[in-house]
Amino acid sequence: QVQLVESGGGLVQAGGSLRLSCAASGRAFSSYIMGWFRQCPGKDREFVAAIPWSGSSTAYADSVKGRFTISRDNAKNTVYLQMNSLKPEDTTVYYCARKMGWGGYNDPASFRSWGQGTQVTVSS
């Protein structure tokens, strides 16, 4: 059973930074596409960023482009989301997820395994 465990969330002032981590159990971590999503209560889960197994390219939602950076360390089975210049509208629960294949990298329905989420709160 694959497990994804997020950490690093918390409370930060607007303009500040946080780094989220997602540790994955199980083998073949490096074979998977890893993604970050976020979801506010009553809203659909929203794509944030994705990275393929090689880490050679990345994809971001327009709302976070230039502020957030996704990276991965396959030796540590961990994917990161560095969040800079945080805004109050970034406040929500952030989830990491994994899938096989790059197609649908920004579609939460195409991801099979999910973490439990970590809360990020940005105060104004």
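Laboratory data are not the source of any read-out in this text; all were calculated from the coordinates shown. A quick note: this is a predicted structure, and the numbers were derived from the prediction, not measured. Ideal geometry is used to build each Cβ from the backbone, glycine not excepted, and the neighbour counts take in all protein chains shown.
So here's what we get for this one:
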{"read-out": "Lone qualifier among Ala14, Ala28, Ala75 - being aliphatic (A, V, I, L, M), surrounded by fewer than 16 Cβ atoms within 10 Å (Cβ to Cβ) and under 17 Å from Thr121 (Cα atoms)", "value": "Ala14"}
{"read-out": "Odd one out for Cys96 among (1) more than 12 Å from the chain's Cα centre (by Cα); (2) buried (at least 17 other Cβ atoms within 10 Å of the Cβ); (3) under 17 Å from Val5 (Cα atoms)", "value": "(1)"}
{"read-out": "Members of region 9-65 that are assigned to a strand (DSSP E or B), polar (S, T, N, Q) and closer than 21 Å to Ala109 by Cα", "value": "Gln39"}
{"read-out": "Of the criteria (1) within 24 Å of Val2 (Cα to Cα); (2) out of contact with any Leu (no Cβ under 8 Å at 6 or more places or on another chain), which one Lys87 fails", "value": "(1)"}
{"read-out": "Some residue of region 101-116 being assigned to a strand (DSSP E or B), out of contact with any helix residue (DSSP H, G or I) (no Cβ under 6 Å at 6 or more places or on another chain) and touching a residue at least 40 places away in the same chain (Cβ under 8 Å)", "value": "yes"}
